[in-house]
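Here's the structure we're looking at; comments come further down.
The values are calculated or read from the model by the stated rules, or taken from the named source; none is laboratory data. Keep in mind that what you see is a predicted model, and the values were worked out from it rather than measured. Cβ placement follows ideal geometry from the backbone for every residue including glycine, while neighbour counts extend to all protein chains displayed.
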Amino acid sequence: MGYRGPNQRLEELDARNTSYRFDLDSGPCWSRIDEPGRHVSPALLADFGIDVARLGEHLATFDWIYGATVCRSFVALEESIVEFAHREHDRLVRSKSLEALVEEEEKHILMFKRYEEMLLSRHDAAMFELAYAPMGERMAKRHRSALLEIPDDTDRHYLLWLNTIFFEEFTVYLDQRLQVDKERIKPLWLSIHRLHRIEEMQHLATDEAYVDALGIDAARRRELSAGFVMGMLQHFEDTVAVAPALSTARAAGLEGIRPGRVSETGFVHTILAGSAFKRTRAAAPYLRELASGSGC
């Protein structure tokens, strides 16, 4: 396994200005934590295939559980990225861009942990822990154990970078959707995702450079990307961070909340055709095949 070099793209990225960075304490508007608003809009829930009307009075509970789930899952995913960079240090091409990515992800981990702590201090933390536990176990198995323990170096690096690109493009998509309904969204939540997106856009450029430099043949990339796509669809409710909130709603007797097929959701259409996921499609040949076959 090896990365092709010299890597001109990484050299260009290493020379970029870091004025895009935000300060953890002064960037997010932490003092606005108690201002009204939601963590998810009805339009975004509709993208995920959720029948918002059926939630009724449960919508408020669904909303804060969703907010806490986004925080917890983002922390887990960003921790796996940092762990990957540290564990694979000797196999990765060294660059200032990768160092910056790790530093910024460590800051993001602290940011989402802080917000989660503030949010759960205002709600039923025990309820959340009970609802999140199954998803947390699944994520630990899929994103930590399974990925980091892939024996082949090239396969492992490709899938880790592909998962990173998808997650980071999801953060871009999420900020875009929140901005559309920003009048309904909590100001602090909105500011966190806007700041997060700005830095993640820089990370995506670094991710792409590493994927492009990775020596993996087209056939193997297609095969591995098919497995990635199938896993993402199979665990769709985890992918979009709604599993705990949905399980709580279902436990309350609300059935049929996500009635349609995953493949027919607005979110999947966005993955196949939307600009927010163009880097994921570029890195995953199987996604491009699906997009072509769907007419998107």
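For segment 34-75, filtered to residues that are aliphatic (A, V, I, L, M), closer than 24 Å to ALA126 by Cβ and crowded, with 17+ Cβ neighbours inside 10 Å, the residue that is farthest from the chain's Cα centre (by Cα) is LEU55.
Evaluated against (1) surrounded by 15 or more Cβ atoms within 10 Å (Cβ to Cβ); (2) farther than 20 Å from ASP63 by Cβ; (3) touching a helix residue (DSSP H, G or I) at 6+ places or on another chain (Cβ under 7 Å), ARG194 falls short on exactly one condition, (2).
The rows are residues; the columns are (1) assigned to a helix (DSSP H, G or I); (2) without any contact (Cβ under 8 Å) to a residue 24 or more places away in the chain.
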| position | (1), (2) |
| --- | --- |
| ARG9 | yes, no |
| SER19 | no, yes |
| ASP25 | no, yes |
| ALA46 | yes, no |
| GLY49 | no, no |
| ALA60 | yes, yes |
| VAL70 | yes, no |
| PHE74 | yes, no |
| LEU77 | yes, no |
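Against the numbered list (1) of a type outside the set (S, T, N, Q); (2) in a helix (DSSP H, G or I); (3) exposed (fewer than 15 other Cβ atoms within 10 Å of the Cβ), GLU183 comes up short only at (2). Among the residues of segment 123-150, write down those that are in contact (Cβ under 8 Å) with a residue 12 or more places away in the chain and not in a helix (DSSP H, G or I). The one that is in contact (Cβ under 8 Å) with a residue 12 or more places away in the chain and not in a helix (DSSP H, G or I): HIS123.
Could you list all residues from segment 219-248 that are β-branched (Val, Ile, Thr), in a helix (DSSP H, G or I) and under 20 Å from the mean Cα position of the chain (by Cα)?
Passing the criteria: VAL229, THR239.
Considering GLY231, GLY256, GLY215, GLY266, the condition of being of a type outside the set (Val, Ile, Thr), touching a helix residue (DSSP H, G or I) at 6+ places or on another chain (Cβ under 8 Å) and at positive phi is satisfied by GLY256 alone.
Do the conditions hold for ARG32, that is, is it over 28 Å from ARG94 (Cβ atoms), in contact with a Leu (Cβ under 7 Å, 6 or more places away or on another chain) and among the charged types (D, E, K, R)? Yes.
Being in a helix (DSSP H, G or I), of a type outside the set (S, T, N, Q) and touching a residue at least 24 places away in the same chain (Cβ under 8 Å) is a property that does not hold for ILE216.
One residue stands out among those in segment 138-180 that are of a type in the set (A, V, I, L, M), surrounded by 17 or more Cβ atoms within 10 Å (Cβ to Cβ) and farther than 25 Å from GLY2 by Cβ: the one that is farthest from the chain's Cα centre (by Cα), which is LEU178. Could you check segment 27-44 and list, in sequence order, the residues that are closer than 27 Å to THR270 by Cβ and assigned to a helix (DSSP H, G or I)? Those that are closer than 27 Å to THR270 by Cβ and assigned to a helix (DSSP H, G or I): PRO42, ALA43, LEU44.
Mind checking which residues of segment 249-271 are buried (at least 20 other Cβ atoms within 10 Å of the Cβ) and either outside any loop (DSSP other than H, G, I, E, B) or touching a Cys at 6+ places or on another chain (Cβ under 6 Å) (or both)? Answer for segment 249-271, where residues must be buried (at least 20 other Cβ atoms within 10 Å of the Cβ) and either outside any loop (DSSP other than H, G, I, E, B) or touching a Cys at 6+ places or on another chain (Cβ under 6 Å) (or both): ALA249, PHE267, VAL268, ILE271.
Does LEU119 fit the bill of being surrounded by 14 or more Cβ atoms within 10 Å (Cβ to Cβ), assigned to a helix (DSSP H, G or I) and at pLDDT 95 or above? Spelling it out, LEU119 is indeed surrounded by 14 or more Cβ atoms within 10 Å (Cβ to Cβ), assigned to a helix (DSSP H, G or I) and at pLDDT 95 or above. Just one of the listed residues (ALA219, ALA209, ALA245, ALA205) is closer than 18 Å to LEU55 by Cβ, out of contact with any Asp or Glu (no Cβ under 7 Å at 6 or more places or on another chain) and among the small types (Gly, Ala, Ser), and it is ALA245.
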